[in-house]
Amino acid sequence: MHKLMLSSKDSTHNFLHQYKGFGAFGMDRDTDEETIMFYLQKFSEDSFMKALIPRLDSLELEEIYNLINNLLKRHFSEDEYHTLFLKDR
């Protein structure tokens, strides 16, 4: 079991509102990065999450959690994790 202190006071989705690209994957690195940012911000919208989360089984929930957690551990220091992701510092 993992416990996190969750806060949304500083959350932003500015990229999504300013994005003018066309969203394609596999063209080039810059477009791939923009497309992933777009997908993840759309994915995290409250209305979409409310529709998707109840449809996921326990294994799917765990897979999503583990994927995100493993990426965070691999690419961020403990301080970056708290400052950039949790925003609790």
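Taking 0.36 nm per residue of sequence separation and subtracting the Cα-Cα distance, how much length would be gained by fully extending the chain between SER58 and ARG89, in nm to one decimal? It would help to have the intermediate numbers written out before the result.
Values: separation 31, 0.36 × 31 = 11.16 nm, distance 3.11 nm.
My answer for the length gained is 8.1 nm.
Less than 14 Å Cβ to Cβ from ASN66, Lys/Arg counted +1 and Asp/Glu -1: what total charge do the surrounding residues give? The partial results should precede the final answer.
Numbers: positive: LYS73, ARG74; negative: GLU60, GLU62, GLU63.
Around ASN66, the surrounding residues sum to -1.
Assigning unit charges at the beta carbon (Lys, Arg +1; Asp, Glu -1) and nothing else, what dipole magnitude in debye, to the nearest 20, does the chain show about its Cα centre? Present the calculation step by step, with values, prior to reporting the outcome.
Numbers: 11 positive and 16 negative charges, 54 e Å.
Dipole magnitude for the chain comes out near 260 debye.
Pop a pseudo-label 7 angstrom from the Cα along the beta-carbon direction at both PHE76 and THR12 and give the gap in nm to one decimal.
Taking the simple label geometry, PHE76 and THR12 are separated by 1.5 nm.
Order 32-41, 16-25 from most to least packed using the mean count of other Cβ atoms within 10 Å. Don't jump to the answer; show the numbers that get you there.
On the way: 32-41: 14.7, 16-25: 10.6.
For the peptides 32-41, 16-25, the packing ranking is 32-41, 16-25.
Report the net charge of residues surrounding TYR19, where surrounding means a beta-carbon distance below 11 angstrom and charges are Lys +1, Arg +1, Asp -1, Glu -1. Mind dumping the intermediate values first?
Values: positive: LYS20, LYS42; negative: GLU34.
Around TYR19, the charge tally is +1.
Just rank ASP88, ASP30, fewest to most, by other beta-carbon atoms within 10 angstrom.
Numbers: ASP88 12, ASP30 9.
Going from least to most buried by this count: ASP30, ASP88.
Since every read-out is calculated from the coordinates, none of them should be taken as a lab result. All of these numbers come straight from a predicted model, not from anything done at the bench. Cβ: placed from backbone, ideal geometry, glycine included. Neighbour counts: every protein chain shown.
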